[in-house]
Amino acid sequence: MEHFFESIEGWFTFPRLYTMLVQQTPAGGTFVEVGSWKGQSLAFLTVEAIRQRRDFRIVAVDTWQGSSEHASVDSIRQGTLFEEFTANLSPVADRFTALRLPSLEAAATFADGSLDAVFIDAAHEFAAVAADLEAWYPKVKRGGWFCGHDYSSAWPGVVRAVDRFFTRRSGELLSRGDEFCWVSRRA
Ligand SMILES: C[S@@+](CC[C@H](N)C(=O)[O-])C[C@H]1O[C@@H](n2cnc3c(N)ncnc32)[C@H](O)[C@@H]1O
């Protein structure tokens, strides 16, 4: 199957990271993307999993109500974001599950230590990112991947929350800023 993510609007800057995570996620495992918007990064992830013949579960978590910075975007004002997401992802609809919940409520539906990869790309404010980190980290297995987007000077709240969270776990943080992402692996 050919990649089609470029036909979808979004902020997907991390093809190398997602390609690596697809290679690393075991058969029968679970990969959660928190923050999918219109599905650009999710389209890459699902198609890459199909292309690499990797048989793991993919869950997309989002309210599909947008983040604070999206209030003036047409899809939010008109309430069409989830419909657009669903239409965009229709070629791979059987390859993922959409969990339409706030991030923290969604995290609570997973058992601790049950996830192989979690990628955070939801809210960007310090307090929200800090809460996401605290909520999702325990859900990742030992040896599993815990990563996220927008580690960049454009989003100081993300940088501050990630730096603070990993001061206690500095050995687990593998990179910061490459493809605008932070990457960690649970010890
Ligand atoms: C930057 S966009 C995601 C971009 C997407 N990964 C892409 O490739 O284009 C952030 C998304 O996070 C969602 N979001 C923000 N805060 C959230 C929260 N607390 N719970 C669930 N979703 C949230 C928004 O609805 C929005 O769709």
Considering only the range 34-57, state which residues are touching a helix residue (DSSP H, G or I) at 6+ places or on another chain (Cβ under 6 Å) and closer than 22 Å to Ala87 by Cβ.
-> Val34, Ser36, Lys38, Gly39, Gln40, Ala43, Phe44, Leu45, Thr46, Glu48, Ala49
Name every residue in the range 68-81 that is surrounded by fewer than 17 Cβ atoms within 10 Å (Cβ to Cβ) and not acidic (Asp, Glu), in order of residue number.
-> Ser68, His70, Ala71, Ser72, Val73, Ile76, Arg77, Gln78, Gly79, Thr80
If you go through the range 67-90, how many residues are modelled with pLDDT of 95 or more and closer than 21 Å to Val118 by Cβ?
-> 2
What pairs can you find where one residue is in the range 78-95 and among the basic types (Lys, Arg), the other is within 15 Å of the ligand (Cβ to nearest atom), and their Cβ atoms are less than 8 Å apart, with a gap of 6+ or different chains?
-> Arg95/Thr46; Arg95/Ile58
Looking at Gln40, Gln52, which one is more than 16 Å from Val140 (Cα to Cα), within 12 Å of the ligand (Cβ to nearest atom) and either crowded, with 21+ Cβ neighbours inside 10 Å or of a type outside the set (Gly, Ala, Ser) (or both)?
-> Gln40
Return yes when Ser72 is of a type in the set (Ser, Thr, Tyr) and in contact with an Asp or Glu (Cβ under 8 Å, 6 or more places away or on another chain) and no when it is not.
-> no
Any idea which of Ile58, Ile50 is part of a strand (DSSP E or B) and not charged (D, E, K, R)?
-> Ile58
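The values are calculated or read from the model by the stated rules, or taken from the named source; none is laboratory data. Nothing here was measured: the structure is a model prediction, and the numbers come from that model. Don't worry about glycine lacking a Cβ; one is built from the backbone with ideal geometry, like all the others, and counts go over all protein chains shown.
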